[in-house]
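What follows is a set of notes on a single structure, which appears directly below.
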């Protein structure tokens, strides 16, 4: 019992330290980038007195430690600043764009799990056969080819050549602004509104970018599943289960897979977090109006408040999923508890 509380206390103590490091790194990124936030606000042709006055108002004339203290104080009051590009608060922009990324990443991780886990198990069971080799080649390609290449090839093949997929974007022009936002997830909101045409259109637009992200994630999940299963299939408990005359399916899925499911939860949770933070290139290629595209456009427009705010949210997302994976690991594995 004491060990459990000690472990929990250590985990909780690491959270503020990690948050402080995340905030510090985010702040330093904004200061080392070769972009003057003052010029981004007032413009390149603004008079020098306006530039200096704005610099004083923002506190950029103060030493770095003082600037960092002001930055932390603003964060503690929920202030990420105002976007120069949209004239909205950064929080409002993030609340607007993040649901699109969440929707895309959720569909991608579901597709990756449903395909990657069975493929990894099959490859482990058929180790050394042509099936195993084919699956390993597929996974190697998914993990080696740059994701922007996969996205461009997908657009060229399924949209431009075959015409099977709709164009870039989140929905067709005919359905724009037809569904009242409730959750921010377009597919869910269209179902709530009872507009099944908008729902089908939203899913059709989502399948292609989600498929690209899913292939990339599936390759990693399948490789990890295969590695875990190979280790489990050589365990003594599996040998004992086979000696008892249990069916091969029960040995594989009940005993071997049941033993690795805890580790897979961690892999899938962190992969999901990676999708939420790493969909920048895919969203840019497919013109998907999510947090990744918002971050990219903000960076190109030297909108540092938006860049730092989005970067901070991405880091917080990864931290939350890391803690969630750790909690699930402890919950599912009594040996850890």
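Some observations on this one:
- Among the numbered conditions (1) within 15 Å of residue 311 (Cα to Cα); (2) assigned to a helix (DSSP H, G or I), the only one that residue 38 does not meet is (1).
- Answer residue from region 68-81, given it is in contact (Cβ under 8 Å) with a residue 40 or more places away in the chain and out of contact with any helix residue (DSSP H, G or I) (no Cβ under 6 Å at 6 or more places or on another chain) and is surrounded by the most Cβ atoms within 10 Å (Cβ to Cβ) among those: 75
- Meets criteria (in a helix (DSSP H, G or I) and buried (at least 23 other Cβ atoms within 10 Å of the Cβ)) for residue 92: no
- Residue under evaluation residue 116, criteria (1) more than 18 Å from the chain's Cα centre (by Cα); (2) buried (at least 16 other Cβ atoms within 10 Å of the Cβ); (3) more than 22 Å from residue 26 (Cβ to Cβ), criterion not met: (1)
Results for (1) in the same structural domain as residue 229 (by TED's automatic domain parsing); (2) in a helix (DSSP H, G or I); (3) buried (at least 17 other Cβ atoms within 10 Å of the Cβ); (4) touching a residue at least 60 places away in the same chain (Cβ under 8 Å), shown as yes or no for each residue.
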position	(1), (2), (3), (4)
123	yes, yes, yes, yes
128	yes, no, no, no
134	yes, yes, no, no
143	yes, yes, no, yes
148	yes, yes, no, yes
160	yes, yes, no, no
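- Any hit, region 251-268, residues being farther than 20 Å from residue 213 by Cβ, within 17 Å of the chain's Cα centre (by Cα) and assigned by TED's automatic domain parsing to the domain that holds residue 237: no
- Residue ID - surrounded by the most Cβ atoms within 10 Å (Cβ to Cβ), chosen from residues in region 41-56 that are assigned to a helix (DSSP H, G or I) and modelled with pLDDT under 75: 41
- Qualifying residue in region 175-186 (condition: surrounded by fewer than 14 Cβ atoms within 10 Å (Cβ to Cβ) and touching a residue at least 60 places away in the same chain (Cβ under 8 Å)): yes
- Residue 61 passes every criterion in (1) within 26 Å of the chain's Cα centre (by Cα); (2) closer than 21 Å to residue 38 by Cβ; (3) loosely packed, with under 13 Cβ neighbours inside 10 Å apart from (1).
- Helices (runs of 4 or more DSSP H) wholly inside region 234-300 that include at least 1 residues being within 23 Å of residue 147 (Cα to Cα) and modelled with pLDDT of 85 or more: 257-278, 280-285, 291-300
- If you filter region 215-234 down to residues that are more than 12 Å from residue 119 (Cβ to Cβ) and in contact with a helix residue (DSSP H, G or I) (Cβ under 7 Å, 6 or more places away or on another chain), you find that the one that is surrounded by the fewest Cβ atoms within 10 Å (Cβ to Cβ) is 230.
- Number of the condition not met by residue 95 [criteria: (1) over 32 Å from the mean Cα position of the chain (by Cα); (2) in the same structural domain as residue 283 (by TED's automatic domain parsing)]: (1)
- Positions within region 95-112 being buried (at least 19 other Cβ atoms within 10 Å of the Cβ) and in contact with a helix residue (DSSP H, G or I) (Cβ under 6 Å, 6 or more places away or on another chain), in sequence order: 97, 98, 101, 104, 105, 107, 108, 109, 112
- Test: residue in region 22-33 that is under 25 Å from the mean Cα position of the chain (by Cα), under 30 Å from residue 257 (Cα atoms) and at pLDDT 80 or above: no
The values are calculated or read from the model by the stated rules, or taken from the named source; none is laboratory data. For clarity, every value in this text was computed on a predicted model and none was experimentally measured. No Cβ is skipped: glycine too gets one built from the backbone with ideal geometry, and neighbour counts run over all protein chains shown.
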